[in-house]
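Chemist: Below is one structure. I have some questions about it.
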Amino acid sequence: MSIEQAREIAGAILYEGYLLYPYRHSAIKNRQRWTFGVVYPRACSEANGGLDSWTMHTECLVAGQSDTSFDISVRFLHLLARSIAEPALARSQAQLADECASRKAGNRFLMAGQLAYEPWEEGIEREVSVLRLPLRELLAQPWRTRIAFSSGRLVEYPANPQQPVITREHQPLLGAMVITAERVHGQNNMDLCKLGVHIENSTPISSATSERRDAVLLQSFVSTHTILHVYQGRFISLLETPEEFQLAAGTCQNRHTWPVLVGYKGQQDTMLSSPIILYDYPQIAPESPGTLFDGTEIDEILALRILTLSDEEKAELREGDERARGILERIESLSPEQFMKLHGAIRELSLPDDESRHVNRSSPLAPIQGYAGKDYAVPDSLLLAGKTARVGNKVRLHPKARADAFDILLAGKTARIEAIQQDFENRLYLVVTLDDDPGREQWDERVLPGHRFFFYPEEVELLEG
């Protein structure tokens, strides 16, 4: 199952930024795309001093044994250029341009017909895989696999002979995937190894091509990422690394990519090395009706915004990119029940442990008078260093929780206890007001003053008198 989840996440990443809201070809933000995970031709990289990398490198830790093996897949988009094959279209484009100029400025209605046949980049999904590669062979020597895709030309003949013929052409790609492994140390009859996957683009290009970004992208690996699956072994998280592996994890070098665990939480057999920073165990919300090509998608907002597009803008979507047309058709067909599912969902409720607990001095996390769901009364007093503290007592503040800038500003100040409160973590707070707060001049016993601050009991010192 983790392999399927990895491919689902990778599929969303593959088209990250493919076409952003408002999903129109004419939108400025969609005139230049493909900014994630681009592995450029080596000649292009060397020509600009390495500014655009021609490699991508992944390293991660794996605990294995004698029969450990791997499935490793490198995936990316191979761009193709869509254009019009027949010169008769040029005349129709000129006619559309003249007609557009004669209309009121800012009218986008004719953009749909005009941009439908403008040169455009699309992507073919490519994949190079090595299956059941034994760890013992990798420890002996690296494994090198060639990446090679030839050029091609696709022709689309319309049903209506009056419509132009559309061609899609892609350039050849050459490169390699190099897989390595080295032993770090042994532990409990399990070998800890560092696994590496190196991707390089050696596609030859001319000097004239290297000066044009649109031409270079046609011979680049785009949205490149790697899926790694281990048999009879487990990957070690590089984000939440157990203490015994932290030294080894610090030696892992990842360039232009970010490896994370994928699958259900706790599974350690699959990793996704992504050009986009993710947490371990990323998930696609089951309520999402489909990809919107936008990282950390906010489906409800984007769906509602799509419905607000004008008829002219929707016409441009329908006449333009196939995937944009699919988004429009999907959103327009959503039922009210499906829209409600996009409004939000609670997966789980979790609380931080004691070591990671922080407090917002001026507004802590949901302070309440009693713990919800329990018959528990907040005490009217508590012990501070063996002494009883009650509302009205004087204290000196010694912030320790590293909460915010108030920790510096309030350190050493004297204050008065105004209340004792408790939050949903069953932790007690002292609510205090500063002795030198000007607001105390407008004291009102019926309500608490506005400048209240929240401290843990161990952060205050009870003063005599």
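Chemist: Once you have all Cα-Cα distances for region 127-246, histogram them in 5 Å bins from zero and send the whole-percent values.
Modeler: In order of increasing distance, the bins hold 2, 8, 14, 15, 13, 11, 10, 9, 7, 5, 3, 2, 1, 1, 0 percent.
Chemist: State which entries of K265/K400; K265/K314; K29/K265; K314/K341; K387/K413 exceed 29 angstrom in Cα-Cα distance in the structure shown. Let's see the in-between values first.
Modeler: Working: K265/K400 33 Å; K265/K314 40 Å; K29/K265 36 Å; K314/K341 24 Å; K387/K413 20 Å.
Result: K265/K400; K265/K314; K29/K265 exceed 29 Å.
Chemist: Looking at region 149-215 from every direction and averaging, what is the projected area of its Cα convex hull in nm²? Don't jump to the answer; show the numbers that get you there.
Modeler: Working: hull surface 37.3 nm².
Averaged projected area of region 149-215's Cα convex hull equals 9.3 nm².
Chemist: Rounded to whole Å, give me the distance from the Cα center of region 205-264 to that of region 26-42.
Modeler: About 19 Å separates the Cα centre of region 205-264 from the one of region 26-42.
Chemist: Let me ask another. Largest first, what is the accessible-area ranking of H185, H170, H451 with a 1.4 Å probe?
Modeler: Result of the area sort, largest leading: H451, H185, H170.
The values are calculated or read from the model by the stated rules, or taken from the named source; none is laboratory data. Quick caveat, the model's predicted, so the values are computed rather than measured. Side chains are part of the model used for accessible areas, which takes the heavy atoms of the whole protein and leaves out ligands, DNA and RNA. Shrake-Rupley method; radii C 1.70, N 1.55, O 1.52, S 1.80 Å.
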